[in-house]
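Structure record follows, encoded as structure tokens.
The values are calculated or read from the model by the stated rules, or taken from the named source; none is laboratory data. This one's a predicted model, so the numbers in the text were calculated from it and none came from an experiment. As a convention, Cβ positions derive from the backbone with ideal geometry for all residues, glycine included, and neighbour counts pool all protein chains shown.
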Amino acid sequence: MASTLEALERWVNEVAALTRPAQIHWCDGSEDEYRTLVQQMLADGTLIELNQQTHPGCYLHRSHPSDVARVEHLTLVCHPNQEDTGPNNHWMDPAEAHAKMDALFAGCMEGRTMYVIPYCMGPIDSPLSRCGVEITDSPYVVANMKIMTRMGKAAQERIEREGLLSDGVFVKGLHSTGELDPDRRFIMHFPEERTIKSYGSGYGGNALLGKKCHALRIASNQARDEGWLAEHMLIVGIENPRGETHYIAAAFPSACGKTNLAMLIPPEGYRRDGWKVWTVGDDICWMRPGADGRLYAINPEAGFFGVAPGTSDSSNPNALKSIARDTIFTNVAVTADNQPWWEGLPGTPVTDWQGRPYDPANGPAAHPNSRFTVSAKQCPTWSPKAEDAQGVPISAIVFGGRRPSLLPLVMEARDWTHGVLMGAAMGSETTAAATGAVGVLRRDSMAMKPFAGYHYGDYFAHWLSFDRPGARLPKIYHVNWFRKGRDGKFLWPGFGDNLRVLEWMINRVEGKVSGVETPIGTLPATGELKLDGLAIDPATMDELLTMDRAGWQAELAAIGDYLDGFAPRLPAALRAEQQRVAGALGDMP
Ligand code: GDP
Ligand code: PGA
Ligand code: MN
């Protein structure tokens, strides 16, 4: 049996023979290596130095204007059997996909350096962690992977060690920025081979292969095979004044508030009473049942790749403090004194995200999907438990999206099956995180539409399978911070005040409040949501927390139609649950 190191070296040699780089650099993940790469990128213009007095160690990268977001129509999942891919993914036959990609990769690194990046998703010593190796010709990708993952020597050692157990099972990712031609751009996944091939984009989600490609699309396949869950969720710890902490995992689609909720600042009154919020993760959550039947979660990432616009001292001061130093900014604007700038910050931009003199006629100064990449350790609320090999026990799972109408502020599922239905039925208005129209309502089950690497019908069945004897599963909730009034303004203040909703959930978990049962789930009873210090009138609260029966009947019918799109693999139990809720709505007096 070949050792993992031999398997890795063989693959690196194969890739080098195909891509023909001038040299190969094995990344050790050291600070020295990072600094050298930064110097080199400053010299060739890949990075631009920002004001080092105000922002030490901060740099700006401008991506190609045609390469600023994930490209879902060019992102494919290549199961040998198309059926396994499901209607939720784009598919290509693996042999055809390999041939297509290898033709693009042929000779693409000529005259350039090929970087080999061993990385570990999750704490190095955690049994829940999984490793991968990304090969790339982009030093920008290396620098971002250094921030976003445990990358380098320790990861390579773990990969070599694990080979003794399982003959070299690490995820292989091959990336080249290519010529950035949108017609020669593909992000291909081969779940059976635990392999990713990405060509023609330098943008985060398409190029940092540890993130969405590995930790969600490939890992969702690993998770199904091995009995765990790889989800598009933040993980946040809520510590009450008695010092007890509940961990909550929440799935919101891209640009719908994960980073903000993960770094929430309690409202004034809560702070005074001693509530604290701990950030464990802001984007991805891997969970598995522990010996006690509870779900334990790790954040596989080591950094944040956050949306910059809207990040401000009033919306997310923790994020703003995190990015005051040692941060890579992508596609933000700059001020006259060379500080990073985006819509929502004080000050004035002089240069827009494309490097042009700022002119409002050209649209926003910072690209709406401009980003910061920063080590999680720089976050003031970074949880010490985030490095825990065993993960944190999850008390509640939350689903949510941008729903301008109908969906109440919060509702609780009556049991796991109902919760899985809530997750499957999730919908949200589209955002700038992916190319395409913004503000269109689409179903996005568990916020995994672009990321579930196999058939959604099988994925729902996998979720349902966790409800088994001995399981002590978290309660499941659905929230909507984005309900709008007739004037088009958000009804709920959101951000820090979302803690009021999380507190209600925790009170429910601890059996302290009873809520009001309705056919769509349990809603807070009057007085159960703590609203002290909040200027919100009772009529607005009423609107946020009442159920519009006719609207819900139409919604349940739409959910039924949507679920039927996954037949014949849709679990009968899920369709039955939809019928149960629809029936209960019909039976209402
Ligand atoms: P992520 O991509 O899911 O991590 O989303 P972010 O946390 O980066 O937030 C995306 C956008 O939603 C930003 O413009 C935020 O300002 C906005 N946002 C986040 N939380 C809330 C909230 O509670 N209410 C409202 N109205 N907007 C929010
Ligand atoms: P997000 O993911 O949009 O869910 O924050 C980052 C990405 O697009 O790569
Ligand atoms: Mn985010």
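Can you pull out the residues in segment 362-377 that are among the small types (Gly, Ala, Ser), in a loop (DSSP other than H, G, I, E, B) and under 22 Å from the mean Cα position of the chain (by Cα)?
Across segment 362-377, the qualifying residues are Ala366, Ser370.
Every residue in segment 243-277 that is closer than 27 Å to Phe305 by Cα, away from ligand 2 (no atom under 16 Å from the Cβ) and of a type in the set (Lys, Arg), please.
Within segment 243-277, Lys276 is the sole residue that qualifies.
Restricting to helices (runs of 4 or more DSSP H) lying wholly in segment 254-361: which have 2 or more residues that are out of contact with any Leu (no Cβ under 6 Å at 6 or more places or on another chain) and within 16 Å of ligand 3 (Cβ to nearest atom)?
Where helices (runs of 4 or more DSSP H) fall fully within segment 254-361 and carry at least 2 residues being out of contact with any Leu (no Cβ under 6 Å at 6 or more places or on another chain) and within 16 Å of ligand 3 (Cβ to nearest atom), they are 258-262, 317-322.
Looking at Ala525 and the list (1) in a loop (DSSP other than H, G, I, E, B); (2) aliphatic (A, V, I, L, M); (3) surrounded by fewer than 13 Cβ atoms within 10 Å (Cβ to Cβ), which single condition is not satisfied?
Ala525 satisfies all of (1) in a loop (DSSP other than H, G, I, E, B); (2) aliphatic (A, V, I, L, M); (3) surrounded by fewer than 13 Cβ atoms within 10 Å (Cβ to Cβ) except (3).
Restricting the search to segment 67-115, which residues are at pLDDT below 95 and either surrounded by fewer than 15 Cβ atoms within 10 Å (Cβ to Cβ) or among the aromatic types (Phe, Trp, Tyr) (or both)?
Passing the criteria: only His73.
Are there any pairs with C-beta distances below 8 angstrom linking a residue in segment 128-146 that is without any contact (Cβ under 8 Å) to a residue 40 or more places away in the chain and more than 14 Å from Met41 (Cβ to Cβ) to a residue that is surrounded by fewer than 24 Cβ atoms within 10 Å (Cβ to Cβ) and not basic (Lys, Arg), with the two at least 6 apart or on different chains, and if so which?
Pairs found: none.
Can you tell me which residue is farthest from ligand 3 (Cβ to nearest atom) among those in segment 362-403 that are charged (D, E, K, R) and more than 21 Å from Pro56 (Cβ to Cβ)?
Asp388
For segment 238-253, give me each residue that is of a type outside the set (S, T, N, Q) and either touching an Asp or Glu at 6+ places or on another chain (Cβ under 9 Å) or away from ligand 3 (no atom under 14 Å from the Cβ) (or both).
Ile238, Glu239, Pro241, Arg242, Gly243, Glu244, His246, Tyr247, Ile248, Ala249, Ala251, Pro253
Just to verify a result, which residue in segment 278-293, among those that are more than 21 Å from Met448 (Cα to Cα) and crowded, with 18+ Cβ neighbours inside 10 Å, is nearest to ligand 2 (Cβ to nearest atom)?
Per the stated criteria, the residue is Thr279.
Here's a check for you: in segment 239-260, which residue that is farther than 28 Å from His462 by Cα and more than 7 Å from ligand 1 (Cβ to nearest atom) is surrounded by the fewest Cβ atoms within 10 Å (Cβ to Cβ)?
Arg242
So, in segment 510-519, exactly how many residues are crowded, with 17+ Cβ neighbours inside 10 Å, within 26 Å of Gln578 (Cα to Cα) and not small (Gly, Ala, Ser)?
The number of residues fulfilling the criteria is 2.
Tell me yes or no: at least one residue of segment 423-433 is among the aliphatic types (A, V, I, L, M) and modelled with pLDDT under 95.
Yes; the residues of segment 423-433 include at least one that is among the aliphatic types (A, V, I, L, M) and modelled with pLDDT under 95.
Any residue at all in segment 401-420 that is over 17 Å from the mean Cα position of the chain (by Cα), in a helix (DSSP H, G or I) and of a type in the set (Lys, Arg)?
So far as segment 401-420 goes, no, none of its residues is over 17 Å from the mean Cα position of the chain (by Cα), in a helix (DSSP H, G or I) and of a type in the set (Lys, Arg).
Would you please list the contacts, defined by Cβ atoms under 8 Å and residues six or more apart or on different chains, that run from a residue in segment 553-569 that is exposed (fewer than 13 other Cβ atoms within 10 Å of the Cβ) to a residue that is in a loop (DSSP other than H, G, I, E, B)?
Asp564/Leu570
So, in segment 455-488, how many residues would count as being on the phi > 0 side of the Ramachandran plot and crowded, with 20+ Cβ neighbours inside 10 Å?
So the answer is 0.
Take residues that are within 16 Å of ligand 3 (Cβ to nearest atom) and tell me which of the helices (runs of 4 or more DSSP H) falling wholly in segment 143-237 contain 2 or more.
The qualifying helices (runs of 4 or more DSSP H) are 204-207.
Can you name the residue in segment 383-400 that is within 17 Å of the chain's Cα centre (by Cα) and part of a strand (DSSP E or B) and is also surrounded by the fewest Cβ atoms within 10 Å (Cβ to Cβ) among such residues?
Phe399
Are any residues in segment 77-104 among the polar types (S, T, N, Q) and farther than 21 Å from His175 by Cβ, and if so, which ones?
Matches in segment 77-104: Asn81, Gln82, Thr85, Asn88.
If only one of Gly227, Gly200, Gly173 is away from ligand 1 (no atom under 16 Å from the Cβ), on the phi > 0 side of the Ramachandran plot, at pLDDT 95 or above and buried (at least 21 other Cβ atoms within 10 Å of the Cβ), which one is it?
Of Gly227, Gly200, Gly173, the one residue that is away from ligand 1 (no atom under 16 Å from the Cβ), on the phi > 0 side of the Ramachandran plot, at pLDDT 95 or above and buried (at least 21 other Cβ atoms within 10 Å of the Cβ) is Gly200.
Kindly list the number of the only condition in (1) aromatic (Phe, Trp, Tyr); (2) closer than 30 Å to Ala434 by Cα; (3) away from ligand 1 (no atom under 16 Å from the Cβ) that fails for Trp275.
(2)
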